[in-house]
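Engineer: Structure incoming, see below.
The values are calculated or read from the model by the stated rules, or taken from the named source; none is laboratory data. Quick caveat: nothing in here was measured; it's all calculated off a predicted structure. With ideal geometry, Cβ positions are generated from the backbone for all residues, glycine too; neighbour counts draw on all protein chains shown. Each accessible area value is taken on the protein alone, full model and side chains, heavy atoms only, with ligands, DNA and RNA left out. Shrake-Rupley method; radii C 1.70, N 1.55, O 1.52, S 1.80 Å.
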Protein chains: 2
Amino acid sequence: MPTKTYYNLPEEKRLKVESAAIAEFATNPLQSASVNAIVSEAGIAKGSFYQYFENIDDLYVHILGIIYKKKLEVINSLPLDSANLDTFRYLRRVLQAAVEFQIKYPDFASIERFRRMNSNHSSSVDPETGERISGDGRFHAFLTQGILHDDIATWVDVEMAAFILEIIEGGIAPYLVERIGEKAPDIMSGTLSAGYDRTTQDLFDNLMDILEAGLARDPQIRKDFYSK
Amino acid sequence: MPTKTYYNLPEEKRLKVESAAIAEFATNPLQSASVNAIVSEAGIAKGSFYQYFENIDDLYVHILGIIYKKKLEVINSLPLDSANLDTFRYLRRVLQAAVEFQIKYPDFASIERFRRMNSNHSSSVDPETGERISGDGRFHAFLTQGILHDDIATWVDVEMAAFILEIIEGGIAPYLVERIGEKAPDIMSGTLSAGYDRTTQDLFDNLMDILEAGLARDPQIRKDFYSK
DNA sequence: GTACAATATGACCGGTCAGTCATACCACCC
DNA sequence: GGGTGGTATGACTGACCGGTCATATTGTAC
């Protein structure tokens, strides 16, 4: 963790260091990120850096903490239409948060992407339950709840489906943002935060239709199912 | 491309260089791969390296070519049940090839994974048609054909669905192999190549059921749809 | 043998890297 | 003035990097 000296710094200086670090980590994986680049970008001496942080890893986890806070902010800023979201509304919300995060903080999203690639284990086994969990287990819990609530088909292999949702969540945001950027550049500019325009909503609807059709216990009859 | 000198080398020496390179590229992204590590692992002098290759990128694309050949081999080694596979059988085949490749050549799979992360564009726009294509466009063509054949629902956003299949293909293999390794270690050992055991087939069935339900025009009634 | 071309070699060069440390600076108190 | 503790600095070290090149070795033809 950063030293007491670092927290004694005037905020302006701290922010300069942090934004230099963010720029570096967003363009280089931790492995090839450079302390020299950060200090020169931040306008501080190299010796100062080592008075603030033990090493570059120390700074890295500090930045990860900042990212985590911002991510919670984004999730909580999304409109919550009802206290108890049904299963697929919840999923939509999660994916929407990922897109929102990508738009608002592309550097943070990039850092997270680098982090995902470096953590090479695709899944791990929970020592208590013996269950195989992907990522942080959010989707695993989501699917288990969904089955209990009769929203998710019982035959779905929860562990695998959780993994699939995990990688979709990780990969879909930059893609959707790229497409949104084409059709609705006004959204990208910043002010229009939570509410997406029609084009964007259509894209989201399509994604959710695919996911819901794939996972739901009682998928709605398809739009063109009998209307061919 | 490698020099004439390189191709004049005795095969044994060439293989030693290549396997050293493969080991290096499988554990480091190109950006941080080390010529020194390769030459010391291969037991050749640094000067020799630069008589064989222009630089490390040159060697890298040479290795990519080897990987590409092996991949075609794997795909063609899969049993082809019928000349004209229907849409979802074809998809299953593609995913199965990815798993097979991961088992047989994990280093190659790792190199490809590094390559995917480095190519940061999630999709590109075809200058001729104006269509947005993900990856090499295989899935895009697959989905388009599927719609023509009445196998894929017409409402599916082809570009987005292609992207999703792309990232599933890229991510699912290590995960499935991890799970296969638990239940059926005999498959991993090598000899049992194309035919998977029951556990593995069940996993695959589940994956295909999810994908088919999500994308198909006329998904089969779910196993538990009316039998609750 | 000699001559010539192909190949092999590792010391060396300029550069970047993370991390250190003696020194300097500065604010505050006496 | 002097003393003290916190902070800032950048030259320096040793290691590694990609790439070069003069020299040595080997193969081949005569």
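Engineer: Distances in nm, one decimal, shortest first, from residue A:107 to the same residue in every other copy, taking the label point 7 angstrom along Cα→Cβ.
Structural biologist: When each copy's label point is compared with this one, the spacings are 3.9 nm.
Engineer: Please list, ordered by chain and number, the residues whose modelled amide H lies under 5 Å from the amide H of residue B:153; skip anything fewer than 5 residues away on the same chain.
Structural biologist: Residues meeting the amide H criterion: B:216, B:217.
Engineer: Can you list, shortest first in nanometers, how far residue A:58 lies from the same residue in the other copies, with each label 7 Å from Cα toward Cβ?
Structural biologist: Reported distances to equivalent positions: 4.4 nm.
Engineer: May I ask for the Rg/Rh ratio of segment A:80-215, computed from Cα atoms with Rh as the Kirkwood radius, given to two decimals?
Structural biologist: The Rg/Rh ratio comes out at 0.98.
Engineer: Please express the shape of segment A:110-170 as an equivalent ellipsoid: the semi-axes are the square roots of 5 times the eigenvalues of the C-alpha gyration tensor, given largest first in whole angstrom.
Structural biologist: In descending order, the three semi-axes are 23, 14, 8 Å.
Engineer: Got a sec? What order do B:129, B:199 fall in by accessible area at 1.4 Å, biggest, i.e. largest, first?
Structural biologist: B:129, B:199
Engineer: Let me ask something else. Once the Cα atoms of helix A:87-104 and of chain A are each reduced to a long axis, what angle between those two axes, in degrees from 0 to 90 to the nearest 10, is obtained?
Structural biologist: Compared with the principal axis, the helix lies near 30 degrees.
Engineer: Would you pull out the residues with amide H under 5 Å of residue B:125's amide H, same chain only if 5 or more places away, H placed 1.01 Å from N?
Structural biologist: B:133
Engineer: As I understand it, the value is the acute angle between the Cα axis of helix B:158-183 and the longest principal axis of the Cα atoms of chain B; what does it come to in degrees, rounded to 10?
Structural biologist: Tilt relative to chain B: about 70 degrees.
Engineer: Right, next: Could you give the C-alpha radius of gyration of chain A expressed as a fraction of 2.2 N^0.38 Å, taking N as the number of residues it contains?
Structural biologist: So chain A has a normalised radius of gyration of 1.20.
Engineer: A further question follows. Run the dipole for chain A about the Cα centre, Lys and Arg Cβ at +1, Asp and Glu Cβ at -1, nothing else charged, and hand back the magnitude in debye, nearest 20.
Structural biologist: 480 debye
Engineer: Can you list, shortest first and in nm, the gaps between the label point of residue B:79 and those of its counterparts in the other copies, using a point 7 Å from Cα in the C-beta direction?
Structural biologist: Those label-point separations list as 5.5 nm.
Engineer: Could you tell me which residue in chain A puts its beta carbon nearest the axis mapping A onto B, with the distance rounded to whole Å?
Structural biologist: In residue-and-Å form, the answer is A:214, 1.
Engineer: Enter the angle in degrees (range 0 to 90, nearest 10) between the Cα long axis of helix A:138-148 and the first principal axis of the Cα atoms of chain A, meaning the one along which they spread out most.
Structural biologist: 20 degrees
Engineer: Once every DSSP H run of n ≥ 4 in chain A is given -39500 (n - 2.57) and the sum is divided by its residues, what mean residue ellipticity at 222 nm do you get, rounded to the nearest 500 deg cm²/dmol?
Structural biologist: -21000 deg cm²/dmol
Engineer: So, in nm, how far is label residue A:19 from label residue B:45 when the simple model puts each one 7 Å beyond its Cα toward the Cβ?
Structural biologist: For residue A:19 paired with residue B:45, the spin-label model returns 5.3 nm.
Engineer: Express the accessible area of segment B:102-154 per residue in Å², computed with a 1.4 Å probe while the remaining protein chains stay in the model.
Structural biologist: 55 Å²
Engineer: Moving on. Could you tell me how many cubic angstrom of Cα convex hull volume segment A:4-70 has per residue?
Structural biologist: Dividing the Cα hull volume of segment A:4-70 by its residue count gives 84 Å³.
Engineer: Roughly what would the spin-label model give for residue B:154 and residue A:36, points 7 Å off Cα along C-beta, in nm?
Structural biologist: So the two model labels end up 6.2 nm from each other.
Engineer: Further question on the same structure: Report in % the part of the accessible area of chain B that belongs to carbon and sulfur, leaving out ligands and nucleic acids; probe 1.4 Å.
Structural biologist: So the carbon and sulfur contribution to the accessible surface is 52 percent.
Engineer: Take residue A:73 and residue B:56, extend 7 Å from each Cα along the Cα→Cβ direction, and tell me the distance between the two endpoints in nm.
Structural biologist: Distance between the two pseudo-spin positions: 3.8 nm.
Engineer: Quick check on the protein assembly as shown: what does the Kirkwood estimate of hydrodynamic radius come out to from the alpha carbon pairs, in Å?
Structural biologist: 24.6 Å
Engineer: Relative contact order (percent) for chain A, with alpha-carbon contacts under 8 angstrom and 6 or more residues of separation?
Structural biologist: Averaging sequence separation for qualifying contacts and normalising by length gives 18 percent for chain A.
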